[in-house]
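Engineer: Please read through the structure below; I'll follow up with questions.
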Amino acid sequence: MKNRFKRLICATLSAAFMVSAISAMPAAEVLAKESIGNGVILSEDAITLSENGAATFTAALGEGFDASRLACVVADPNVATVTPVAYTGNVAAFQVNYVGLGSTVAAVVHMDNPAVVAYTTINASSVIMNVPAKLGADKKNYCELVSYEFVPYDFTYADYQDYKSTLKLQFKCTSYRDEDFRKWGCYGYFRDAAGNILSKVRLYAGALSVGRTYKGEFNVPANAVSFTLEGFSN
């Protein structure tokens, strides 16, 4: 994707692209680790947006360079948009705004030298994901989340419009030490803004095997703002 994205960057920079800065900068969410690129460092290597949400991140050049020459290009603007909000010296701040469900990549690039670039992943989800490192209640047999994505809910009959999207998950067995139990399960809970449980669902594996990947798929209730999987960290 990044090779194709570099061509997109060059095409975008060939147009007139002026960065305007404003003095007010929204508070940033506490997110992931830095993304160290070629000549520029981003404060976040991955950004998660809740539905209609926003986040900010910073981009830093080396000392003495002008951050106002940095621009941001988003591979899929149907997922999110990124705009500059402020800069000072060698550091620029950008705001990420939710557009639609999905995942995309954003590149912060120097307008005078496209080789100076760093990337961050943007995941736009319809709910906040609360996922422990190890899934399940059994500390001998457990799984880990591999990936997840939200896709549009496509069951269009009028009587079934209580859902806003579908959550697809992949999870992998990473420990199978109690061979008396071949089956494994893990509960998940969709909650509304008040913390009420709207839906209780279950990840299931019929035959555990270390390294094997399994799938789960659940419809997301219309008023859900968070999804929590049971599990533990150590």
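The values are calculated or read from the model by the stated rules, or taken from the named source; none is laboratory data. Keep in mind the model is a prediction, meaning the values are calculated, not measured. Glycine also receives a Cβ, built like all others from the backbone with ideal geometry; neighbour counts cover every protein chain displayed. Quick note on the areas: whole protein, heavy atoms, side chains included, nothing else; ligands and nucleic acids left out. Shrake-Rupley method; radii C 1.70, N 1.55, O 1.52, S 1.80 Å.
Engineer: Six or more apart or on different chains, Cβ under 7 Å: which pairs go from a residue in the stretch 204-230 that's within 11 Å of GLY188 (Cα to Cα) to one that's of a type in the set (Phe, Trp, Tyr) and surrounded by fewer than 16 Cβ atoms within 10 Å (Cβ to Cβ)? Could you list them?
Structural biologist: Taking only residues 6 or more apart or on different chains, the pairs are GLU230/TYR187.
Engineer: Name the single residue that is nearest to THR58 (Cα to Cα) among those in the stretch 68-85 being over 15 Å from the mean Cα position of the chain (by Cα) and surrounded by fewer than 19 Cβ atoms within 10 Å (Cβ to Cβ). Break it down stepwise before answering.
Structural biologist: Start the filter on the stretch 68-85 by keeping residues that are over 15 Å from the mean Cα position of the chain (by Cα), which leaves 68-73, 83-85.
When the remaining residues are screened for being surrounded by fewer than 19 Cβ atoms within 10 Å (Cβ to Cβ), the result is 68-69, 83, 85.
On the way: SER68: 12, ARG69: 14, THR83: 11, VAL85: 10 Å.
Looking at residues that are over 15 Å from the mean Cα position of the chain (by Cα) and surrounded by fewer than 19 Cβ atoms within 10 Å (Cβ to Cβ), I get VAL85.
Engineer: Take the residues in the stretch 104-135 that are under 25 Å from CYS173 (Cα atoms) and among the polar types (S, T, N, Q); name whichever of them is most open to solvent (accessible area, probe 1.4 Å).
Structural biologist: Going through the qualifying residues, I end up with ASN130.
Engineer: Condition first: assigned to a strand (DSSP E or B), open to solvent by 20 Å² or more (accessible area, probe 1.4 Å), charged (D, E, K, R) and at pLDDT below 90. Can you find one or more residues in the stretch 158-175 that meet it? Full working, then the answer.
Structural biologist: Keep residues of the stretch 158-175 that are assigned to a strand (DSSP E or B), which gives 163-175.
Those still in the list that are open to solvent by 20 Å² or more (accessible area, probe 1.4 Å) too: 163-164, 168, 170, 172, 174.
Okay, now just the ones that are also charged (D, E, K, R), so 164, 168, 172.
When the remaining residues are screened for being at pLDDT below 90, the result is 164.
Yes, the stretch 158-175 contains a residue that is assigned to a strand (DSSP E or B), open to solvent by 20 Å² or more (accessible area, probe 1.4 Å), charged (D, E, K, R) and at pLDDT below 90.
Engineer: Further question: Can you name the residue in the stretch 136-147 that is buried (at least 16 other Cβ atoms within 10 Å of the Cβ) and hydrophobic (A, V, I, L, M, F, W, C) and, of all such residues, is nearest to LEU167 (Cα to Cα)?
Structural biologist: Filtering the stretch 136-147 for residues that are buried (at least 16 other Cβ atoms within 10 Å of the Cβ) and hydrophobic (A, V, I, L, M, F, W, C), the one nearest to LEU167 (Cα to Cα) comes out as LEU145.
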